[in-house]
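First up is the structure itself, then whatever we jot down about it.
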């Protein structure tokens with residue numbers, strides 16, 4: 001897998017026009033883009049189609065969470081967009097519906113959200129969850145494996161444990177990555193790009209360090225250099 005394949009750039013921007021200008025500015029340094037809640041109501045699905053038609057890979061971060069039958073119908077609709085990754089919550093019924101909705105589509109990968117990277121152990125405690133954070137991540141990854149999902153969304157700090165437990169059975173997509181010297185913003189469980197790859201992550205989702213940079217293309221290229229320097233045999 002090349003460094004470009006591993007880097008997913010999050011288009012967390014206020015409107016479609018700004019997102020399209022960002023894609024143009026990043027140029028060949030960006031081949032994989034995430035579209036989430038901020039853009040979806042403003043035409044994000046049409047943007048996904050255009051990016052796909054232009055040869056880019058698309059990650060739709062929708063985090064579906066409903067009864068299995070409803071999720072199944074939603075995923076069937078997403079299949080038509082030409083997306084590569086789709087997130088759903090890591091609950092057995094949700095996952096089962098998502099996998100059924102994907103069907104035999106060879107392109108769309110179902111990714112189970114384990115524990116958001118903005119949360120830590122104290123956050124779980126406030127929600128009434130006493131399980132150690134890593135154990136909860138592994139339990140939800142287990143659900144993903146059992147129901148036939150393709151991978152998980154997990155912090156780089158839990159990637160090694162997931163890789164040790166499941167080997168290459170699950171893709172590991174890691175948000176909350178920050179290049180050397182960058183601020184943490186609202187993320188709690190972060191690592192640098194090279195460290196995240198070395199601990200087991202397959203793909204890294206990076207937003208603000210690129211899209212808020214004075215020169216987004218140069219920022220993306222610097223992260224690609226960090227990824228390429230990671231010591232991994234995957």
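The values are calculated or read from the model by the stated rules, or taken from the named source; none is laboratory data. What you are looking at is a predicted structure, and each value in this text was computed from that prediction instead of being measured. Please note: Cβ atoms are built from the backbone with ideal geometry, for glycine as well, and neighbour counts cover all protein chains shown.
So which residues in the range 24-50 are part of a helix (DSSP H, G or I) and farther than 21 Å from residue 109 by Cβ, if there are any at all? Listed by number, the residues that qualify are 24, 25, 26, 27, 28, 29, 41, 42, 46. In the range 82-108, the residues that are on the phi > 0 side of the Ramachandran plot form Cβ pairs under 6 Å with partners that are surrounded by fewer than 20 Cβ atoms within 10 Å (Cβ to Cβ) and at pLDDT 95 or above, at six or more places apart or across chains, as follows: 82/52. The single condition among (1) crowded, with 18+ Cβ neighbours inside 10 Å; (2) at pLDDT below 95 that residue 195 does not satisfy is (1). Taking every residue in the range 204-215 that is farther than 15 Å from residue 19 by Cα and pairing it with any residue that is part of a strand (DSSP E or B) and at pLDDT 95 or above, at least 6 positions away or on another chain, the pairs with Cβ-Cβ distances below 7 Å are 204/7; 204/8; 205/8; 205/10; 205/34; 205/173.
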